[in-house]
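The values are calculated or read from the model by the stated rules, or taken from the named source; none is laboratory data. The structure presented is a predicted model; accordingly, all values stated were derived computationally and were not measured. Every residue, glycine as well, gets a Cβ built from its backbone with ideal geometry; the counts of neighbours run over all protein chains shown. SASA here: full protein model, heavy atoms, side chains in, ligands and nucleic acids out. Shrake-Rupley method; radii C 1.70, N 1.55, O 1.52, S 1.80 Å.
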Amino acid sequence: DQRIPIGEALPIVEEIMAVLRSIPGVKNLTPAGSLRRFQETIGDIDLMGTADEPKEVIDAFVALPLVRQVLAQGSTKASVIASGGLQVDLRMVEHDSFGSLLQYFTGSKQHNVSLREKWRNRGLKLSEYGITVVATDKLEKFATEEGFYDRLGMQYIPPEIREAQGEIEKAEQRSIPSLAELSDIKGDLHTHTEWSDGHDSIEDLARAAKHMGYQYIAITEHSAGRGIAHGLSAERLREQVAEIKALNRRLSGIRALTGTEVDIRADGSLDLPHEILVELDIVIAAVHSAMNQSEEKMTERITKAIENPDVDVIAHPTCRLIREREPVAIDLEAVSRAAAKHNKIMEINAMPDRLDLKDTHAFRARELGVKLIIGTDTHSIAHLGFMRFGVGVARRAWCEPQHILNTLPLNELLVVLHQKR
């Protein structure tokens with residue numbers, strides 16, 4: 001399987017687009033396909049754009065330093081193998097037909113098939129070139145996707161939910177909600193610093209978060225557990241809490257929250273005592289050991305943590321690492337129901353190799369009324385940028401801002417967290 005994680009694909013594509021966008025006359029340059037829909041793994045990359053001089057763009061594209069091999073090259077399209085073995089296809093079209101092209105190549109296949117079938121019955125033929133009125137054989141072109149959907153009497157459908165899962169009917173009723181966006185996120189609630197296995201100081205991380213426009217950042221080191229990753233004992237955690245409080249007195253415009261990512265032991269008990277957990281702003285609980293337990297045992301173990309009044313959030317519940325480690329055996333339906341019942345939060349972990357909860361699991365948790373957070377699990381300042389991957393998962397799960405707790409401003413978030421304390 002040649003699919004690669006979105007976390008590897010997106011930076012390569014952005015590097016390509018940054019160069020091509022600097023060419024005069026280039027407009028609308030955008031990735032289509034599974035990358036644009038924010039699927040967790042990507043096959044080939046389709047790039048679309050329009051330009052006054054398409055050939056110039058194609059020539060620049062095949063000459064890029066990260067191109068390893070040119071598979072095909074014409075005056076308006078080219079196909080290359082980029083670093084990492086990724087196949088990238090670039091198509092340049094007329095400005096006036098960009099919308100229908102982008103719609104067609106974004107997919108999903110099932111979404112497009114459903115659309116085409118539905119409108120074939122109404123006398124319209126949909127294609128990458130536009131919409132043809134079958135009776136008159138007249139082709140209508142669309143410069144934008146919005147225009148394309150509008151012509152069908154539909155609300156614009158965000159790419160992440162074009163999966164033939166009811167979005168077409170909702171778009172006809174104009175009832176597609178406003179999905180959460182990166183700009184809605186007010187802070188990151190899962191981070192690690194040099195106190196455990198991270199690379200930066202609390203202050204540097206907080207300043208970076210402030211620079212991103214965040215109002216808060218939670219510091220959630222590992223607990224000592226099985227000695228993982230220089231985890232913090234209760235004593236060291238107390239020292240850290242004191243440091244964070246001192247830092248907050250010095251910093252303006254950002255609040256560092258005290259927290260932990262406490263290990264859920266094999267028996268479902270927590271790796272830190274109640275006395276310290278009760279003092280923290282946020283307690284995230286997660287499994288990092290005994291991952292080969294039976295489904296029954298693992299489900300029981302995590303449910304026990306959910307029932308523990310000290311816990312706010314369950315992090316990366318399936319423990320999977322994309323392409324590296326299979327998910328643990330767990331009944332996520334039961335876990336999500338327990339979280340809903342006990343008013344506990346579940347995490348969409350935005351690390352590109354985790355994305356856990358994944359889209360379908362986040363969709364179900366939302367349906368059950370479980371509140372979610374998106375956390376990057378940052379281990380260095382650069383990782384704070386992973387938030388967009390988590391937002392992509394949340395959008396695929398039809399999440400609106402109110403479903404994601406870290407869209408709340410600081411004071412409202414603290415009310416929610418401290419109510420749980």
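Karplus-based coupling profile of the stretch 154-160, in residue order and whole Hz: 10, 5, 4, 10, x, x, 4, with θ = phi - 60° in 6.51 cos²θ - 1.76 cosθ + 1.60 and x standing for Gly or Pro. Database remark: amide H of Thr41 closer than 5 angstrom to the amide H of Ile6 (H placed geometrically; neighbours at sequence offset of 5 or more, or on other chains; Pro and chain starts carry no H). Calculated accessible area for the stretch 200-274 comes out at 44 Å² per residue, all protein chains present (probe 1.4 Å; ligands, DNA, RNA ignored).
Taking the DSSP bridge list for the stretch 35-139 and keeping only pairs wholly inside it, about 75 percent are antiparallel.
In terms of the mean number of neighbouring beta-carbon atoms within 10 Å, the peptides 51-63, 172-184 order highest first as 51-63, 172-184.
Based on C-alpha pairs under 8 angstrom that are at least 6 apart in sequence, the stretch 165-247 has a relative contact order of 25 percent. A cut-off under 10 angstrom between Cβ atoms defines the neighbours of Gly253, and their net charge, with Lys, Arg +1 and Asp, Glu -1, is +3. Straight Cα distances below 23 angstrom link Lys245 to the lysines Lys186, Lys210, Lys420, with same-chain residues fewer than 8 positions distant left out.
Helices in the chain, meaning DSSP H runs of at least 4 residues, each add -39500 (n - 2.57). Divided by all residues, the mean residue ellipticity at 222 nm is -10000 deg cm²/dmol. Please work out whether the stretch 76-195 counts as rounded, prolate or oblate from its C-alpha gyration tensor, where a ≥ b ≥ c are the square roots of the eigenvalues and a/c under 1.5 means rounded, while otherwise a/b larger than b/c means prolate and anything else oblate? Verdict is oblate for the stretch 76-195. Dividing the convex hull volume of the alpha-carbon atoms in the chain by its residue count gives 153 Å³ per residue. For Asn292 and Glu194, a Förster radius of 41 Å and the Cβ-Cβ distance give a FRET efficiency of 0.85, rounded to the nearest 0.05. Taking the Cα centroid of the stretch 303-358 and of the stretch 34-53, what is the distance between the two, rounded to the nearest whole Å? Cα centres, the stretch 303-358 to the stretch 34-53: 31 Å. Membrane-span-like helices in the chain, defined here as complete DSSP H runs extending at least 20 Å along the helix axis by their C-alpha atoms with mean Kyte-Doolittle hydropathy no lower than 0.0, are 6-21; this is a sequence and geometry rule, not a statement about a membrane. Among Ser336, Ser223, Ser380, the largest mean-square fluctuation in a Gaussian network model of the chain (Cα springs under 10 Å) belongs to Ser380.
For Thr193, the amide hydrogen comes within under 5 Å of the amide hydrogens of Gly198, counting only partners 5 or more places away or on other chains and with H modelled in the peptide plane. Taking the protein heavy atoms of the chain in the context of the full set of protein chains, the accessible area attributed to carbon and sulfur is 48 percent at 1.4 Å.
Only beta bridges with both residues in the chain are counted; by DSSP, about 45 percent of them are antiparallel.
In terms of its Cα atoms, the stretch 20-122 spans 46, 31, 21 Å along the principal axes, sorted from long to short.
The equivalent ellipsoid of the stretch 250-390 has semi-axes of 22, 19, 15 Å, largest first, where each one is the square root of 5 times an eigenvalue of the Cα gyration tensor.
Restricting attention to the stretch 194-327, close to 10% of DSSP beta bridges with both partner residues there are antiparallel.
Computed 3J(HN,Hα) for the stretch 261-273, one whole-Hz value per residue from the Karplus formula 6.51 cos²θ - 1.76 cosθ + 1.60 where θ = phi - 60°, is 10, 7, 6, 8, 5, 4, 8, x, 7, 9, 7, 9, x, glycine and proline marked x.
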